[in-house]
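The values are calculated or read from the model by the stated rules, or taken from the named source; none is laboratory data. Predicted model only: the values in this text are computed from it and were never measured. Virtual Cβ from ideal backbone geometry, glycine too; neighbours counted across all protein chains shown.
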Amino acid sequence: LVSRENHPERSTVHVGGVPIGPDTVTLIAGPCAVETPQQTLAAALMAKRAGATLLRGGAYKPRTSPYAFQGLGEAGLRILADVREETGLPIVTEVVDAHDVELVASYADMLQVGTRNAQNFALLQAVGAAGKPVMLKRGMNATIEEWLMAAEYIAQRGNLDIVLCERGIRTFETATRNTLDVSAVPVAQRLSHLPVIIDPSHSGGRRDLVLPLTRAAIAVGADGVIIDVHPAPETALCDGPQALVDSDLDVLADVLHTFPPLL
Ligand code: PEP
């Protein structure tokens, strides 16, 4: 269903009216985690200033340590909905458990499946049946074939509004949090008709790499980027070191304008 063989035209997925697809580079930006109404609104305004048309923000956080901030849950979803009301930005947010899909889908414009759940087949089937567009991150240990098969689980439930997101894979390298596989973009775009975006924040795990990796994403023909921004990353409850700050936003907007998509 997601293969390009039977569907030669590349697809565009619409999220709350915002297109993600071949003719544009969509910027999705926002905080890694929803912490407070003020922090989420401030991050959303930063995102907007950089040219974002979709707001990201996690209310359910899949953390390595059970002692780390796990997200605000439904209270976080309510904050996202309020910020959408205030800014007009549709919401992209992660769901980590099949039991939560209905609830998260009642708030979200797009459901995100994270790298750690990329082969959680029960979750993939549940989001496939939820009637909302889905962003499927590549599993950090997944081959491109496994990633596309995960997308197939979603599609099989009748949902072809799927955006693939390359977010870095596990390699022997430790200088970066993950290794961004830029080749995954053209490879996945050749094998599948689905849009493919890059997450330069979670791949590098470092603020100083976000803009260079965004340039790489655009140069390689990605259909969008998803980027963490935070009004005060030093106090962030999740992934502060990779969040862009106010002074990065003009450069980000410039990068997105000066690197036109490959048509
Ligand atoms: C995220 O985008 O908030 C996230 C946790 O990403 P990943 O699943 O790629 O680690």
Considering only region 50-65, how many residues are in contact with a helix residue (DSSP H, G or I) (Cβ under 6 Å, 6 or more places away or on another chain) and either crowded, with 24+ Cβ neighbours inside 10 Å or of a type in the set (A, V, I, L, M, F, W, C) (or both)?
4
For Leu213, are the conditions met, namely being within 15 Å of the ligand (Cβ to nearest atom) and either assigned to a loop (DSSP other than H, G, I, E, B) or at pLDDT below 95 (or both)?
no
Condition first: on the phi > 0 side of the Ramachandran plot and in contact with a Pro (Cβ under 9 Å, 6 or more places away or on another chain). Now tell me which residues in region 44-56 satisfy that.
none
Every residue in region 158-170 that is within 16 Å of the ligand (Cβ to nearest atom), closer than 19 Å to Thr93 by Cβ and in a loop (DSSP other than H, G, I, E, B), please.
Arg167
Filter result for Pro8 (more than 16 Å from the ligand (Cβ to nearest atom) and free of Cβ contacts under 8 Å to residues at least 40 places away in the same chain):
no
Do you know which residues across region 168-210 are within 18 Å of Ser247 (Cα to Cα) and touching a strand residue (DSSP E or B) at 6+ places or on another chain (Cβ under 8 Å)?
Pro200, Ser201, Arg207, Val210
Residue check for Ala44: surrounded by 18 or more Cβ atoms within 10 Å (Cβ to Cβ), within 15 Å of the ligand (Cβ to nearest atom) and not charged (D, E, K, R)
no
Near pairs, Cβ below 8 angstrom, 6+ apart or cross-chain, from region 57-68 (over 26 Å from Leu45 (Cβ atoms) and in contact (Cβ under 8 Å) with a residue 40 or more places away in the chain) to any residue that is within 12 Å of the ligand (Cβ to nearest atom) and in a strand (DSSP E or B):
Pro62/Glu94
Report yes if Pro133 is under 15 Å from the mean Cα position of the chain (by Cα) and more than 12 Å from the ligand (Cβ to nearest atom), otherwise no.
yes
Limited to region 219-242, what total is found for residues that are in a helix (DSSP H, G or I), surrounded by fewer than 24 Cβ atoms within 10 Å (Cβ to Cβ) and touching a helix residue (DSSP H, G or I) at 6+ places or on another chain (Cβ under 7 Å)?
4
When you look at Thr176, is it surrounded by 15 or more Cβ atoms within 10 Å (Cβ to Cβ) and not in a helix (DSSP H, G or I), yes or no?
yes
Extreme residue, farthest from the chain's Cα centre (by Cα), among residues of region 66-115 that are small (Gly, Ala, Ser) and away from the ligand (no atom under 16 Å from the Cβ)
Ala75
So, in region 243-263, exactly how many residues are closer than 26 Å to Arg10 by Cβ and part of a loop (DSSP other than H, G, I, E, B)?
5
Can you pull out the residues in region 194-209 that are in contact (Cβ under 8 Å) with a residue 40 or more places away in the chain and either within 15 Å of the ligand (Cβ to nearest atom) or surrounded by fewer than 24 Cβ atoms within 10 Å (Cβ to Cβ) (or both)?
Ile197, Asp199, Ser201, His202, Arg207
Would you confirm whether any residue within region 145-156 is under 22 Å from Gly57 (Cα atoms) and aromatic (Phe, Trp, Tyr)?
no
